[in-house]
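First up is the structure itself, then whatever we jot down about it.
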Amino acid sequence: MPFNTFGLRPELLQGIQALGYAAPTPVQAAAIPEALQGKDVIGSAQTGSGKTVAFTLPLLSRLLADREAEGGAKAGLRVRALVLTPTRELATQVERMISELAKFSPVKCVVVIGGASFHAQTQELKRGAEVVVATPGRLLDHIRSGTFNLQNVRVAVLDEADRMLDMGFMPDVRRIMKMLPAERQTLMFSATIPIEVERVVNEFMRTPVRVSVDKPHSTATMVKQWLFPVTEDQKATLLEAMLKAEGVDSVIIFTRTKVRADRVAGWLQRKAIRCVVLHSDLSQSERDRGMADFREGRHTVLVATDLAARGLDVPEVSHVINYDVPEHAEDYVHRIGRTGRAMTAGDAATLVALEEEKLVPIIEAFIGQEIERKALPGFPYRVPPRMKTYRPSLMSSFRMRRRSIPRR
Ligand code: AMP
């Protein structure tokens, strides 16, 4: 089913064409027609499924129709659509996607996030925009100081609602939802729908249509996954060997803590592997600069904590390496969701130390599949025999495949 069967306006079809999308992804095919009819929609879809486009197209379509009905110019001065996201990075990415799709229309979008200048945001809001993409805390600051109000919002989107819950934003989200006009459309996307999210649905959405494309918890189908049993003290050398083995085009390395992220980055830099680090202790401008360096290919290695695991839209990533096994199985799914995005296939490797072995069966149960054990050929393993995951006879060898993914 091509995009032009949705009855979208020509300026939006032009936007889609400019992005090079040939056909809708499953979540888009399921959610767009419902949302275009003005219904509330809950999409249980993971990052990488194309969910941003799934809510952006109906949102823009609605704004353009309203604009036409109201005769244009003035419409652009009021905020008509609000997208709430859990992280600043995700807000920036969503804003970019909306602006790309709205490129052939007059709709303007601004991003309102913590860590950036409040004054500059106020100026931007004064100049006028129809779409605001925001993180909850900073949005509330603007509402409290009177620089922004929600009274003209017709479409509200909650992106990654489960992540907002995890990060403790639900009270803020509720506060915001209560301020929205009753006459509105609400769209929500969430990889999982925990009970607290379901409560928000019951309270703030009107007989929503539920759209679920992936089995809950299923990992991106195109991602090849491996476990690398190794001792904690050999992790850094194994990582270096993996990165140097064949060369990788773009890789995100996930660590459990900020301190470990800094340590891994420091180690790689000493080994002449250039990389950028992303975690929440860095200032917004440092994070933005790092992400830009990575996205534009000046650095091919990104070391990140789970902060970056959700939502980051880095479609070129060819590999994910979990330097540490994530403590929550859900984080595993989100981490490896960085690769195998809509149109590429990706590889995900997880280094497992003895102390982390107990997490493996939990993750395997969560994703409903066993992850293949691997070893890097020629690496001088010193794995203790009591490690269950390390059974040399069962371990097939590993070659990191070089993957050429064109950068945008
Ligand atoms: P998301 O799930 O919104 O994070 O999107 C994941 C990636 O899929 C992004 O890089 C989008 O640019 C890409 N994408 C979204 N829709 C399509 C489509 N219909 N065809 C190809 N790529 C898409």
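The values are calculated or read from the model by the stated rules, or taken from the named source; none is laboratory data. Keep in mind it's a predicted model, so treat the numbers as computed, not measured. FYI the Cβ positions are ideal-geometry reconstructions off the backbone, even for glycines, and counts take in every protein chain you see. Protein only, heavy atoms only, side chains kept; ligands, DNA and RNA dropped before computing areas. Shrake-Rupley method; radii C 1.70, N 1.55, O 1.52, S 1.80 Å.
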Checklist entry - Any idea how many Lys pairs in the stretch 223-394 come in under 22 angstrom at the alpha carbon, given 8 or more places apart or on separate chains? => result 17
Checklist outcome for this item: Extend 7 Å from the Cα of Leu77 along its Cα-to-C-beta direction; within the stretch 111-130, residues with backbone N under 19 Å of that point are 122-130
Checklist outcome for this item: If the chain between Glu286 and Thr257 were fully extended at 0.36 nm per residue, the gain over the current Cα-Cα distance would be 8.6 nm
Item to check | MRE, 222 nm, helices only [DSSP H, n ≥ 4, -39500 (n - 2.57), over the chain, to nearest 500] | outcome: -11500 deg cm²/dmol
Item to check | Cα→Cβ-extended label distance, 7 Å offset, between Asn152 and Arg96, nm | outcome: 2.8 nm
Next on the checklist: Show me, for the stretch 158-169, the HN-Hα J-couplings you get by feeding each phi into the Karplus relation (A = 6.51, B = -1.76, C = 1.60, θ = phi - 60°), rounded to Hz, glycine and proline as x.
Outcome noted: 9, 9, 6, 4, 5, 5, 4, 5, 4, 8, x, 8
Item to check | Lys pairs under 24 Å by Cα in the stretch 3-212, provided they are eight or more residues apart or on distinct chains | outcome: 11
Checklist entry - Accessible area per residue of the stretch 223-394 at 1.4 Å probe, in Å²? => result 40 Å²
Checklist entry - If one takes the longest principal axis of the Cα atoms in the chain, at what angle in degrees, from 0 to 90 and to the nearest 10, does the Cα axis of helix 170-179 lie? => result 10 degrees
Checklist entry - Roughly what angle does helix 258-270 make with the longest principal axis of the chain, taking Cα atoms, 0 to 90 degrees, to the nearest 10? => result 60 degrees
Checklist entry - Going by alpha carbons, how many degrees (0 to 90, nearest 10) lie between the helix axis of 284-295 and the longest principal axis of the chain? => result 70 degrees
Item to check | Pairs of Cα atoms farther than 26 Å apart, the chain, % | outcome: 54 percent
Checklist entry - Glu232 to Ala23: extension gain in nm, 0.36 nm per residue of separation minus the Cα-Cα distance? => result 70.8 nm
Checklist entry - If the chain between Arg127 and Asp141 were fully stretched, how many nm would it gain, using 0.36 nm times the residue separation less the Cα-Cα distance? => result 3.2 nm
Checklist outcome for this item: If N is the residue count of the stretch 223-394, its Cα Rg over 2.2 N^0.38 Å rounds to 0.98
